[in-house]
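Report on one structure; see the data block that follows.
The values are calculated or read from the model by the stated rules, or taken from the named source; none is laboratory data. Note that this is a predicted model, so its numbers are computed, not measured. Reconstructed Cβ throughout: ideal geometry from the backbone, glycine too, with neighbour counts over all protein chains shown. Heads up: the accessible areas ignore ligands, DNA and RNA and are worked out on the full protein's heavy atoms, side chains in. Shrake-Rupley method; radii C 1.70, N 1.55, O 1.52, S 1.80 Å.
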Amino acid sequence: MPKSFLVALACFSLLLISTIPKDSHAACPAPAQIVGSTYSPTSIQDAYDYARTALGLTDFTLRLAGEIFTGDLHLDGGSVVLDGGYDCSFTTKTATPTGIFGTVFISAGAANFAGGVNIVSTTQCDFDVDLDGFTSIGSCLGTADDCNDSNANVYPGASEICDGIDNNCDGQIDENVFPPDADGDGYYGPGCGLVGEDCNDDDATIHPGALDIPYDGIDQDCSGADLTFDGEICIGCHVGLTGPPETCTGLHDLTTAPDASCAGCHAPIVSNILPGHYGRTVLSDGNGMTAGSTIVCASCHDPNDILHQWGSQTVWPKVLAVTPNIDCDTCHENRAAGHETAAAHDNRVILAECGTCHTSDTTIIGPSSNGTLTSAADVDTLHRSDCDLCHSYTGSKLNTATVRQVIVQGVGGTPVNCTACHTGKATNHIDFVHPISVGPNDLSFNPPGILCGNCHNVSTWAEIEGVEHNVVTNGIGSCATCHNSTRQDVVNTIAQGLNPTHCLNCHSDKSLTEHGMVDHAALGYVTGGTTYCLNCHDGIDAVTVTHNFDCFLCHTSLPALKAGLPIHGGTCIDCHTTTWEGIHATNPPSHNALVQVATTSCGNCHSDPPPLADAVDPKVHDACSSCHDTTGGLLSLAIGKDFISGGNCTSCHAGSWEGIHPTAPQSHSSCTSCHNAATGSLLILGQ
């Protein structure tokens, strides 16, 4: 239902909740008062109309007398409050409520019933107050599912946004919605019921994983404190060699990345070994460290000799063995196994409905024997097994900050599904109703053109899906037919989201162009043969003329035939098995142009054109057999006349009028007693 369209004709009975006592006060001089006006209306309808038209009010209140009123009320715009139960001065409420016995029609606007108009009616309806196309929950009219009929941005199917209210009426607030990423660094601040990970969403250089510059007083990596090396025992000996403790320059420059794969996810750590590692939490046991411990200088500088008697001699011997060729693999020898996809992505949830079109086969949309979408491995393949696709997402289809937040949620143990990242696909995707229609300019075939709907069932998506749009070369199913198409017309139409979509939007090459048409006569599908049908039909242009170019006279959908019709076609009587009279009984062709009284003397008594059957004139062509034989052939002198040339009375009735008509009635001696012998006209006018 369009939002611009208010509730169509609505009606309900308003019943008085309590019995009106027999001694209720007499009728007031005026049944209602327009608040703020001195006008004295004659009826509630008069009060409403005067407020709307004479006063031009769009939002007003009518005070109603505490009486019973009979009669209908028509409301056609504005917002009116009906406040009942007043005395005749309209200043004091009485114990008697206002009762309206009749029908209230609301074709536009809104009506609100205040105190004193007590309604008991199972047909009472609420209306679309906020004009969003949905009526409030519990209404007996319209959708009855709008959880806030005072807010046009709240209705079932609305986009959920981060605003603290239930926008789509699903009973949840801000679900699957993330707060804005104000600084565009891919990390959210707190909001929408989520714990934000960005400790400063106004500075793109500050977020989890950022390089924390030592001793600058800023917590760039959101660890909770600025990076310092205070308390490290190494500084006591090495500060003189390396500069002040906040720099330690030159000590870690030899370490590089073995390839680009590490930098893809760990760029700050790879490019800044000291601040990138220092202070971080160890994620898994190894290198003499336990999961959960904090990395400090001694975690890597762990010799156990005469000068350094505290280490486990795990990491430092590895470094000395390859110096100066130190890289990530020096310490992280098992990094490939440590990034095993199956273990890293256990919190991904696959939505079964997504597998309707998407599988591990990335080349097509639509169910395919080349893949499924049921396992984590399928998801990996669908995403091309490319870590950067998600973990370093830079595309335009998804929100970068949303992707990052979903990854953090998944790593933290929160299940995430397909629509967590693909937020725009949660609605208007798998349940999308395609706005398909045949437009007035969808004209194909040769000029002046024929509507596409004359040959194709294309008035709705239900008719198209799986029938007209099932091109197997694009994949199985209607989704694949369009969404896998490489034709620019189709690509453009999908991108534009045309509503409605017309045939020639995608098939512009078919505009006023003959296509796909087979010669039904040449192939023997539709022929006259030697049947009696040729008495009237010439057998030429059997499709375009005789069958009015209506493919659905024979087909349910192209090329499927209706039940009972021969697959290989045939002559007229192979399909039309009844008599010629039975075939034409329900839709006989007009004979007005075929048989005319015209200027013949027959017009003295008979109307023009003569009827095929007429109770007033029963002897004029009162049956098909008056002119046709049992096979539809023409009788007598009508032979040779056709639908083009036609004729008049004398074409078939060549004798005198006396010879054509039966013997005169007994009350008259002869026809000429009353009629002119030559023309049959009456001798005395008016008789």
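Any idea which of (1) modelled with pLDDT of 75 or more; (2) touching a Ser or Thr at 6+ places or on another chain (Cβ under 9 Å); (3) under 22 Å from Thr531 (Cα atoms); (4) open to solvent by 80 Å² or more (accessible area, probe 1.4 Å) is the one Glu581 doesn't satisfy?
(1)
With the range 187-280 as the region, which helices (runs of 4 or more DSSP H) entirely inside it contain at least 1 residues that are at pLDDT below 80, open to solvent by 60 Å² or more (accessible area, probe 1.4 Å) and of a type in the set (Ser, Thr, Tyr)?
Per the criteria, 260-271.
I'm trying to understand the selection: among the residues of the range 34-64, which are hydrophobic (A, V, I, L, M, F, W, C), open to solvent by 50 Å² or more (accessible area, probe 1.4 Å) and outside any loop (DSSP other than H, G, I, E, B)?
Ala54, the sole residue that qualifies.
Please enumerate the residues belonging to the range 524-546 that are part of a loop (DSSP other than H, G, I, E, B) and at pLDDT below 75.
Selection gives Gly528, Gly529, Thr530, Thr531, Cys536, His537, Asp538, Gly539, Ile540, Asp541.
Among the residues of the range 454-470, is there at least one that is surrounded by 17 or more Cβ atoms within 10 Å (Cβ to Cβ), modelled with pLDDT of 80 or more and β-branched (Val, Ile, Thr)?
So far as the range 454-470 goes, no, none of its residues is surrounded by 17 or more Cβ atoms within 10 Å (Cβ to Cβ), modelled with pLDDT of 80 or more and β-branched (Val, Ile, Thr).
Which of (1) in contact with a Phe, Trp or Tyr (Cβ under 8 Å, 6 or more places away or on another chain); (2) modelled with pLDDT of 80 or more; (3) surrounded by 17 or more Cβ atoms within 10 Å (Cβ to Cβ) is the odd one out, the single condition Thr513 does not satisfy?
(3)
If you scan the range 281-303, which residues turn out to be closer than 21 Å to Cys234 by Cα and open to solvent by 30 Å² or more (accessible area, probe 1.4 Å)?
Listed by number, the residues that qualify are Thr281, Asn287, Gly288, Met289, Ser293, Thr294, Val296, Ala298, Cys300, His301.
If you go through the range 156-173, how many residues are closer than 24 Å to Gly410 by Cα, within 23 Å of the chain's Cα centre (by Cα) and either open to solvent by less than 50 Å² (accessible area, probe 1.4 Å) or hydrophobic (A, V, I, L, M, F, W, C) (or both)?
Result for the range 156-173: 2.
Scan the range 496-512 for residues that are of a type in the set (Gly, Ala, Ser) and assigned to a loop (DSSP other than H, G, I, E, B) and jot them down.
The answer is Gly497, Ser511.
Only residues that are within 24 Å of His266 (Cα to Cα), in a loop (DSSP other than H, G, I, E, B) and at pLDDT 85 or above: list them for the range 302-322, please.
Thr314
Take the conditions at pLDDT 75 or above, touching a Cys at 6+ places or on another chain (Cβ under 9 Å) and under 30 Å from Thr513 (Cα atoms) and apply them to His422. Does it pass?
Taking the combined requirement at face value, the residue does not satisfy it.
Looking only at residues that are hydroxyl-bearing (Ser, Thr, Tyr) and modelled with pLDDT of 75 or more in the range 353-381, which one is nearest to Cys482 (Cα to Cα)?
Out of the qualifying residues, it is Thr359.
Okay, residues lined up against (1) assigned to a loop (DSSP other than H, G, I, E, B); (2) touching a Leu at 6+ places or on another chain (Cβ under 6 Å); (3) at pLDDT 85 or above; (4) open to solvent by less than 20 Å² (accessible area, probe 1.4 Å):
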position	(1), (2), (3), (4)
Phe69	no, no, no, no
Ser79	no, no, yes, no
Gly85	no, no, yes, yes
Cys88	yes, no, yes, no
Thr91	yes, no, yes, no
Val117	yes, yes, no, yes
Thr123	yes, no, no, no
